[in-house]
1. Taking region 433-453 on its own, how many of its residues are over 19 Å from residue 508 (Cα atoms), part of a strand (DSSP E or B) and out of contact with any helix residue (DSSP H, G or I) (no Cβ under 8 Å at 6 or more places or on another chain)?
2. Of these, 576, 601, which one is under 30 Å from residue 549 (Cβ atoms), part of a strand (DSSP E or B), more than 22 Å from the chain's Cα centre (by Cα) and assigned by TED's automatic domain parsing to the domain that holds residue 512?
3. How many residues does region 304-338 hold that are in a strand (DSSP E or B) and over 30 Å from residue 352 (Cβ atoms)?
4. Yes or no: residue 243 touching a helix residue (DSSP H, G or I) at 6+ places or on another chain (Cβ under 6 Å) and assigned to a strand (DSSP E or B)?
5. Hey, any hits in region 559-576 for a residue that's modelled with pLDDT of 95 or more and either buried (at least 18 other Cβ atoms within 10 Å of the Cβ) or touching a helix residue (DSSP H, G or I) at 6+ places or on another chain (Cβ under 7 Å) (or both)?
6. Looking at region 288-303, which of the residues that are touching a residue at least 60 places away in the same chain (Cβ under 8 Å) and in a strand (DSSP E or B) is nearest to residue 722 (Cα to Cα)?
7. Hey, does region 191-213 have a residue that's within 26 Å of residue 115 (Cα to Cα), in the same structural domain as residue 299 (by TED's automatic domain parsing) and free of Cβ contacts under 8 Å to residues at least 24 places away in the same chain?
8. Which of the following residues is modelled with pLDDT under 95, under 30 Å from residue 715 (Cβ atoms) and crowded, with 18+ Cβ neighbours inside 10 Å: 699, 663?
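The values are calculated or read from the model by the stated rules, or taken from the named source; none is laboratory data. For clarity, every value in this text was computed on a predicted model and none was experimentally measured. Neighbour counts run over all protein chains shown; Cβ positions are idealised from the backbone, glycine included.
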């Protein structure tokens, strides 16, 4: 029936296009009915195509300043929409951020945890926001299907979002907006496939109820499992999200709940380069998996938030939010160390690090807008708190008795000889309890009909950490430090559609703990916890906002204080551990979204980064590039709706990453690499219902490349994913 309907519509369209208008004839009832059917089908196709348009919005949630268009804030922010997530079929947050020209993805220490490099600084999963709250999202891997948009704020954000509990978010932050009911009813069912044997499906249902649609309910879920394109790497994910919201008069309420369970077996690990390795090894085959079959990561998270807003008047609003997360993770993690760069021989060690997290976050504030004498003010005052409890244990194992090879992998005996251990693996007890408290106040002053906006604010922050022994579970240390993080930002709109901006803002992270030895020196203040570490960012830029083009250009410099060993005159070989080191990242960023002709959409951009080490111990590596930070990044996405096949959209993407240093001494480096992705989607009409069929191929050329050398501890190489075929079909019932 479906095939006959499609053929009938196609034949009718071709007949009408070819018909000669020389003789006017009275349309019959049948002709008029057929014409109405064709028109209705064409309208359905156009509506579905518009809803499916992959988009980037320049604007979003700017922390305590609220939801703002990009042209009104002195920061670079953009949001990737749900259509992009649905069309590109990503399985992780990192695959969504592949679209961003200022972000690249790496892995954490020996496991599947994604970490992101923004403006040359790490952003870990601990510091991904959930609708503005820290500590609520899953920590290692985030499945993107539950979110309406993924927002990226480039730059430091200690005033806007508070201190990041995981100690990252220096070069940028990511905020996830959960799905809630829209104004249009939705019932969507999707089936998907990813090579080489990963299958799944999802549903998404949204409705509004009440006399004026004041109540909204949305439920969406996804399940997928199977081998991915890397040989023998298995992944599964089971997701469920629900939202209830109320919007009537001055009161707005929402409750968002989510469940995520993710497993990864035999992940292809990063490759560690010991100091003795003096060359970068040749990249193995694109799909080659040098992970061992006993490697696994198992993650389970339950999390959510309640949010309330109340309009005191047309110009004043109070708001409050509370969120919580219960998470657990376990795994046998991998450390694969290269022994010979020519032959590819590598040793295999491992670790078990079970962990549970119980986190809560709260935020409340008042936002007031006033105007008098041609001057406007927007005041923001409020506070936030985060409570984080980390329970974990560990066992690290010596190298396996056998060796493997990255070019011809073999299974080696599972490492089992314990090198060192701590905690209770079966029932981990608390290792740290952290409380982050802050109070903030800001004022945005507008003059010249708000064409000049000056924002100034302060956030008083306190970091309290209690540490406990892995061996006795008793408290061993306590840390309590305060800091004030200011912000100053200026926006000038000299003409319509053009916005110029500048800002000075800081990042704030917990200070490091002094080790026994650092930089080859014996540390005299062993165990001392340093004050919170700051980084200071200066940025200037401009934004263009037209009907067919949205673009931004920015220049930034960020100085990050780093902890190093400072030599002492006596005793010999001694040093003090303090935050006297410096990392300086400078760069240029450009992004654009345009539709130069109807049906042709372009999303692209690029960035240039110069990340250098300064003020290093004994001048070692002074002025060197920071390992794992590419010299430049370029991204481009294209969508084309060809006029000769109205229901078809063709897509393409290029991801190019410049060369990057692979070690601190800069004696090793990775070459630049380029990845091409192609795809298409087609909208068919089935019983007056749109059916969208999608096909995509990532890394079309099956290019093999070292994607990243970024790691906070040592030189590690992460290999890029092989050619991956993705298929999906969605029907809106």
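1. Qualifying residue count for the region: 5.
2. 601
3. 16
4. On the way: touching a helix residue (DSSP H, G or I) at 6+ places or on another chain (Cβ under 6 Å): no; assigned to a strand (DSSP E or B): yes.
When the stated conditions are applied, residue 243 does not pass them.
5. No - not one qualifying residue is present in region 559-576.
6. 297
7. no
8. Every option except 663 fails the conditions.
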